[in-house]
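Undergrad: I'd like to ask you about the structure that follows.
The values are calculated or read from the model by the stated rules, or taken from the named source; none is laboratory data. All values reported here derive from a predicted model rather than from experimental measurement. Please note: Cβ atoms are built from the backbone with ideal geometry, for glycine as well, and neighbour counts cover all protein chains shown.
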Amino acid sequence: MKKFVGIVALAIVLLFGLYGVNYMYNNIPITYDGSDTDVVELYNNPKDYDTSDPDGVADLIVKTGLDRTMAVNNVAAIVFDYRGYDTIGESFILLAAISGSFIILRVNPDKKEEDIDE
């Protein structure tokens, strides 16, 4: 019975996940795809690069990324400065999930001794 409930719960989670991915793909517009960005010019001359095209966070990163982070280029600024905090957060969430799984799935030593005695 537990196996059946687990399979049904997994199927429900997967169906909701597929629905969410489909909804986001079809209904949420892309604001900026970066197709008009000249990466070589941006790397060689970031201060004089025309930043009128990007919008939102991309605009902020292109215009002020080097001044705020003191990085060598914008890619390094994104990976090591902006995404660094996100990566640390993901690491803590993964650690919490693993710890919670071990706590939930741990084997009770008292129960094993009773099974051995029987």
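Undergrad: Against the definition (in the same structural domain as LEU60 (by TED's automatic domain parsing), among the acidic types (Asp, Glu) and modelled with pLDDT of 85 or more), how does GLU113 come out, yes or no? Quick ask: steps written out before the conclusion?
TA: Working: in the same structural domain as LEU60 (by TED's automatic domain parsing): yes; among the acidic types (Asp, Glu): yes; modelled with pLDDT of 85 or more: no.
So GLU113 fails the test.
Undergrad: Say we look at the range 12-62 and pick out the residues that are more than 18 Å from ILE78 (Cα to Cα) and of a type in the set (D, E, K, R); which of these is modelled with the highest pLDDT?
TA: Looking at residues that are more than 18 Å from ILE78 (Cα to Cα) and of a type in the set (D, E, K, R), I get ASP48.
Undergrad: Considering only residues of the range 55-89 that are more than 14 Å from the chain's Cα centre (by Cα) and among the hydroxyl-bearing types (Ser, Thr, Tyr), which is surrounded by the fewest Cβ atoms within 10 Å (Cβ to Cβ)?
TA: Applying the filter and picking the extreme gives THR64.
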